[in-house]
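Below is one structure, written out as structure tokens; comments come after it.
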Amino acid sequence: MSNTNPQIEKQLDKLASICCTRLEHSSTDPTLEDSSIDELLKSLLMSGYARHADRSLQVDIENRVKDMCREPAMHRGGGLSGLTEQLQNKFNQLKSWESRQPDDKSKAKAANISSATDA
């Protein structure tokens, strides 16, 4: 895991640990609906992970999960792929939201009626 800082490494390890826990304790398809995950993803984005164009969050997390909890990762490969795909999608949405310019989607609107008219 080269070209990253200790903060990114710590965040990736925490995300992988959460995936391990979900794989070990979920009998059905595991999901990642949790505010702590959203916070970790946002921290990862703010730490500069998105600037590493040669890196894939999904691949990085899958590799870490396979190292941390080999048994559940080996037997629940589909579940692991589903979890890491959810993480990648959430990260991509967050990255898109954070990088969007104010005029990307709509024009600025008046704050109230009096500022929009001559009244």
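Derivation of every value follows stated rules applied to the coordinates shown; laboratory data play no part. Computed from a predicted model, the values in this text were never measured in an experiment. Using ideal geometry, Cβ is built from the backbone for each residue, glycine included, and neighbour counts are taken over all protein chains shown.
In region 6-100, taking the dipole from charged Cβ atoms about the Cα centre, the farthest positive-side position among Leu23, His52, Leu83 is held by His52. Histogrammed with a bin width of 5 Å, the alpha carbon distances of region 6-100 distribute as 2, 14, 28, 26, 17, 9, 4, 1, 0 percent, first bin at zero. Checking the Cα-Cα distances for Lys66/Lys90; Lys42/Lys95; Lys42/Lys66 against a 18 Å cut-off, the pairs over it are Lys66/Lys90; Lys42/Lys66. Label separation (Lys10 vs Asp67): 1.7 nm, computed from points 7 Å beyond Cα along the C-beta direction.
Positive contributions from Lys and Arg (+1) and negative ones from Asp and Glu (-1), summed over other residues with Cβ under 12 Å from the Cβ of Met46, come out at +1.
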